[in-house]
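K.L.:
Structure incoming, see below.
The values are calculated or read from the model by the stated rules, or taken from the named source; none is laboratory data. Here the structure is a predicted model, which is why all the values come from computation and not from measurement. Using ideal geometry, Cβ is built from the backbone for each residue, glycine included, and neighbour counts are taken over all protein chains shown. What goes into the accessible areas is simple: the full protein's heavy atoms, side chains included, and nothing from ligands, DNA or RNA. Shrake-Rupley method; radii C 1.70, N 1.55, O 1.52, S 1.80 Å.
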Amino acid sequence: IQYGSYYASTRADRNKTYVLEPELPSGTKFNDTETYIYGASSITEIGDLSKWYLSLFEGADAIKLSKLILGNPSSSYSNSNLKTLTLCTTESAPNYMMRYIDIRNCTGLEGSLDLSKLFALETIYAEGTNLKDIEFSNGGNLKVAHLPSTVNTLTLLNQSSLTDFQFEATNIVNLRIE
């Protein structure tokens, strides 16, 4: 892992948990620091990243990632840095493992969120974002979806397991639910 110009690395064994934190100078604070995770295609969980206030999460190669926490439910938390979130958007590399996404209170996150290649997604918390368009996979195991009121285009197809759906549709323009 590279945090700005600081590195932390280890040789990892399968099915073992590792905590990697770089040795940082005293007083160093992370806020919108470039962070790179190498070997992302083999990682299944990376823990709570909300404290890093990321500006970009590019997870197209993280095909085994099962849980992603970039946001936080606390009313005092706000990440206006996060502008880009990309998760497995190609047919050649879908993610069949992603089950949980938390992007709550990432106020800088606007535009579209393509979740159409996350076939195992069960839970998404997106309140407090400014997303306009969310597309889920056609079919799947979605059970919990808490969406922001800013969404104006929403596509939900064949999501028969959905039991907890919170969405104030005040800005909806295009809605497709089948």
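K.L.:
On the protein heavy atoms, probe 1.4 angstrom, tell me the percent of accessible surface of the chain carried by carbon and sulfur. Spell out each step's value before the answer.
P.N.:
On the way: 4500 of 9950 Å².
Whole-percent figure for carbon plus sulfur exposure: 45.
K.L.:
Between Y6 and E45, what FRET efficiency follows from the Cβ-Cβ distance if R0 is 25 Å, with the result rounded to 0.05?
P.N.:
On the way: r = 22 Å, r/R0 = 0.88.
Between Y6 and E45 the formula returns 0.70.
K.L.:
Applying the Karplus parametrisation 6.51 cos²θ - 1.76 cosθ + 1.60 with θ = phi - 60° to the phi angles of segment 96-110, what ³J(HN,Hα) value in whole Hz is obtained for each residue in order, glycine and proline being reported as x?
P.N.:
Ordered by residue, 3J(HN,Hα) equals 9, 10, 5, 10, 9, 9, 10, 10, 4, 6, 8, 5, x, 7, 10 Hz.
K.L.:
Return the FRET efficiency for the residue pair S149, S26: r is the Cβ-Cβ distance, R0 is 35 Å, and the value is rounded to the nearest 0.05.
P.N.:
Values: r = 42 Å, r/R0 = 1.21.
Once the sixth-power term is evaluated, E becomes 0.25.
K.L.:
Which entries in the list K16/K67; K16/K64; K83/K132; K64/K143; K64/K117 go over 18 Å, if you measure between the two C-alpha atoms of each?
P.N.:
Values: K16/K67 16 Å; K16/K64 15 Å; K83/K132 13 Å; K64/K143 20 Å; K64/K117 12 Å.
As for pairs spanning more than 18 Å Cα to Cα, those are K64/K143.
K.L.:
Then there's this: Using amide H atoms built in the peptide plane, which far-off residues or other-chain residues are under 5 Å from F165 H to H?
P.N.:
Under 5 Å from the amide H of F165: A145.
K.L.:
Say we join alpha carbon atoms closer than 10 Å with springs in a Gaussian network model of the chain; which of E168, E122, E23 then has the biggest fluctuation?
P.N.:
With Cα springs under 10 Å in the chain, the top fluctuation among E168, E122, E23 is at E23.
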